[in-house]
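Written out below as structure tokens is the structure these notes cover.
The values are calculated or read from the model by the stated rules, or taken from the named source; none is laboratory data. These figures come from a predicted structure and were not determined experimentally. Cβ: placed from backbone, ideal geometry, glycine included. Neighbour counts: every protein chain shown. Side chains are part of the model used for accessible areas, which takes the heavy atoms of the whole protein and leaves out ligands, DNA and RNA. Shrake-Rupley method; radii C 1.70, N 1.55, O 1.52, S 1.80 Å.
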Amino acid sequence: MWSYILRRLLWAIPTALAVITLCYLMLHLTPGGPFDSERQVSAAVLANLQAKYHLDQPLWRQYLYYLNDLLHGDLGASFRYADWSVNSLVAQALPVSATVGGLSVILSLVIGVILGIAAALRQNSIIDYVVMFLGNIGNTIPSFVMGPVLILIFAIWLKHPDGNGWLPAGGWDGHAIYMILPVALLTLINVATIGRIMRAGLIETMSSNFIRTARAKGLPLRTIVFRHALKPALIPVASVLGPVAISAITAAVVTETVFSLPGLGKLIVNGASNRDYTLVLGLVVLITVIAVVFNLLVDLAYALLDPRIRY
Amino acid sequence: MFSKRKQLALAGTVADLPLESVKGRSPWRDAMNRFARNKAAVFSVVLLVLITVACIVGPWLVPHSFDDTDWGAISLPPTWAGTHWFGTDELGRDILVRTLIGGRISLLVGLLGTIASVALGIAWGAVAGFLGGKTDSVMMRIVDMMYAVPYLLIAILMMTLFGREFYLVIITIAVFSWLDTARVVRGQTLTLKSREFVEAAHAIGVPTHRIIFSHIVPNLLGIVAIYTTVTVPGVILTESVLSFLGLGVQEPMTSWGALIGDSVGKMDQQPWMLLFPSLFLCATLSCANYIGDGLRDAFDPKDR
């Protein structure tokens, strides 16, 4: 087990490093520097600025400086937001993304698993069709269409007597009411995936030999499902949980744009449209590292669910 | 050994059979028959063809241009009365013609992006699978690594750095959508490379690159073509997301994603700006999905 973790870590590091290096090179291949602005700056000031950010050094040296800063947890200064470091921007945005994303992951896991079990046990019943229908919606209606439709229904068409919509159309002030629609959107998308996979996994497990044995022993259905079938059926769910959690927590780019949530996704889109290179690079690096760690955790979770997997 | 009489009788029965009933059925025809029985898939083909034709021909038939601003008809709701059947946006531009023009871009990106990504995937997978050994494990490691990368973010980074030209959108999408194809192709190549015709090619001294590209790849195309119908909706979706975020093609040119992005925030006044592009996009995506599923079911005997 420990040697497996070690081996996985040894692979995770070059992955992260490759992404960082590629992004860094891409950033430096583009013409124009951060201080090429319309405002004329005297040569001395420019030289000082460049020296401060090590821009007068050769590229490999700048890269090593950047890696060194990264190792110390410093993502650098923002190009566009004066006086803001990328770290402080991330520190503001991360809690928003983590709250909304975390809530939606928990909700979609619970609802998805329950719906999946119900659909698998009652194939071709109404609940089965609901799960399959949700799955198809998730496939064909992208989140950036579903989000605006949710706003249209719950914030514009459905009104309180005082003329306001039921729910706010977007924005964020920490109140729970601002979370409902974004969490609902992310949950709706992920419930579809998780529900379908849970359904397929449980149907397959229920037809295996050890379940037949359990039935033959005369165990009640509840015990069969929850004691015996659930754990193996959850393995495929665990395999999608990694990507689902990564995208929900760290990169809910579309959701945060639709609902103008000040999270990481919104930050990266703003950074992209302002051409704030360090901000975008820093966020890509951060999210890649988080993604690599999450994938590692998911692989380890397999071992807990499936004793047949040995490392 | 048959007796003479029996032989005659046999010959008689064979000759008596009408010719049509002993006609062989190729696997291809078999698969097409199975596909034709799949109603959802056939309906999707018809609808997708209609949408495509509408997007290609439509803009010439509508009496407006996609970047014409009609100051007499600003934020007009959909109406049968005038010529703005889908309504107009806040600059007085006709939504119908913009939806169709946007469809041209979205479908074209879907087509070109898929071709690029499939070409890359075939080349990568075939080389990795055929050469095997260290080369194979390094190349597939790179694929594994790229799976771990949050690719939408890299796409955003690339669009930020390199600009928003049409061909850059396609390259950006292709760079990250070839991974599945590469895996399928590698698997197929592994089974192909021990076949006799490859051995024969080796024996007469055909160079490796020619074995890969003129003996292996043509044999892969059938199965790959089917699996990559699944790539099309993914590519269209990625383009739409980028355009939705304002990082795709630039104004006044548009695409379905860009139109949907425009409509957000104006939904209380102009919900039709959201409605029509969304309908076209969702219809196209679901058609592409059903066709992909239908083809896979029809051609993959394992899953039947």
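Identify, by number, the condition in (1) open to solvent by 20 Å² or more (accessible area, probe 1.4 Å); (2) among the aromatic types (Phe, Trp, Tyr); (3) out of contact with any strand residue (DSSP E or B) (no Cβ under 7 Å at 6 or more places or on another chain) that A:PHE154 doesn't meet.
Checking A:PHE154 against (1) open to solvent by 20 Å² or more (accessible area, probe 1.4 Å); (2) among the aromatic types (Phe, Trp, Tyr); (3) out of contact with any strand residue (DSSP E or B) (no Cβ under 7 Å at 6 or more places or on another chain), the one that fails is (3).
Of the residues A:VAL280, A:VAL254, A:VAL269, only one is hydrophobic (A, V, I, L, M, F, W, C), part of a helix (DSSP H, G or I) and either touching a residue at least 60 places away in the same chain (Cβ under 8 Å) or in contact with a Pro (Cβ under 6 Å, 6 or more places away or on another chain) (or both); which? Full working, then the answer.
Values: A:VAL280 fails: either touching a residue at least 60 places away in the same chain (Cβ under 8 Å) or in contact with a Pro (Cβ under 6 Å, 6 or more places away or on another chain) (or both); A:VAL269 fails: either touching a residue at least 60 places away in the same chain (Cβ under 8 Å) or in contact with a Pro (Cβ under 6 Å, 6 or more places away or on another chain) (or both).
Matching residue, one of A:VAL280, A:VAL254, A:VAL269: A:VAL254.
Against the condition at the interface with another protein chain (Cβ under 10 Å from one of its Cβ atoms) and assigned to a helix (DSSP H, G or I), how does B:ASP136 come out, does it pass?
No.
Looking at (1) at pLDDT 70 or above; (2) surrounded by fewer than 12 Cβ atoms within 10 Å (Cβ to Cβ); (3) under 30 Å from A:ALA303 (Cα atoms); (4) not basic (Lys, Arg), find the lone condition where A:THR15 falls short.
(2)
All but one of (1) out of contact with any strand residue (DSSP E or B) (no Cβ under 7 Å at 6 or more places or on another chain); (2) in a helix (DSSP H, G or I) hold for A:PRO262; which doesn't?
For A:PRO262, the failing item is (2).
Tell me, which residue of the range B:230-259 that is of a type in the set (S, T, N, Q) and assigned to a loop (DSSP other than H, G, I, E, B) is farthest from the other protein chains (Cβ to nearest Cβ)?
Checked the range B:230-259; the qualifying residue farthest from the other protein chains (Cβ to nearest Cβ) is B:THR254.
How many residues are part of a helix (DSSP H, G or I), facing another protein chain (nearest Cβ under 9 Å) and free of Cβ contacts under 8 Å to residues at least 24 places away in the same chain when one looks only at the range A:137-153?
Number of matching residues: 4.
Which residues, counting only those in the range B:139-157, are more than 7 Å from chain A (Cβ to nearest Cβ) and either over 22 Å from the mean Cα position of the chain (by Cα) or surrounded by fewer than 17 Cβ atoms within 10 Å (Cβ to Cβ) (or both)?
Once the filter is applied, which keeps residues that are more than 7 Å from chain A (Cβ to nearest Cβ) and either over 22 Å from the mean Cα position of the chain (by Cα) or surrounded by fewer than 17 Cβ atoms within 10 Å (Cβ to Cβ) (or both), the range B:139-157 yields B:MET139, B:MET140, B:ARG141, B:ILE142, B:ASP144, B:TYR147.
Taking the residues in the range B:260-275 that are outside any helix (DSSP H, G or I) and touching a residue at least 60 places away in the same chain (Cβ under 8 Å) as candidates, determine which candidate is most open to solvent (accessible area, probe 1.4 Å).
The selected residue is B:GLN269.
Of the residues in the range B:176-217, how many are open to solvent by 60 Å² or more (accessible area, probe 1.4 Å), assigned to a loop (DSSP other than H, G, I, E, B) and within 16 Å of B:GLY129 (Cβ to Cβ)?
Counting residues in the range B:176-217 that are open to solvent by 60 Å² or more (accessible area, probe 1.4 Å), assigned to a loop (DSSP other than H, G, I, E, B) and within 16 Å of B:GLY129 (Cβ to Cβ) gives 3.
Which one of these is under 18 Å from the mean Cα position of the chain (by Cα), open to solvent by 40 Å² or more (accessible area, probe 1.4 Å) and within 13 Å of chain A (Cβ to nearest Cβ): B:TYR290, B:TYR227?
One residue alone meets the criteria, B:TYR290.
Residues being under 16 Å from B:LEU120 (Cα atoms) and modelled with pLDDT under 85: count how many of those fall in the range B:186-202.
3
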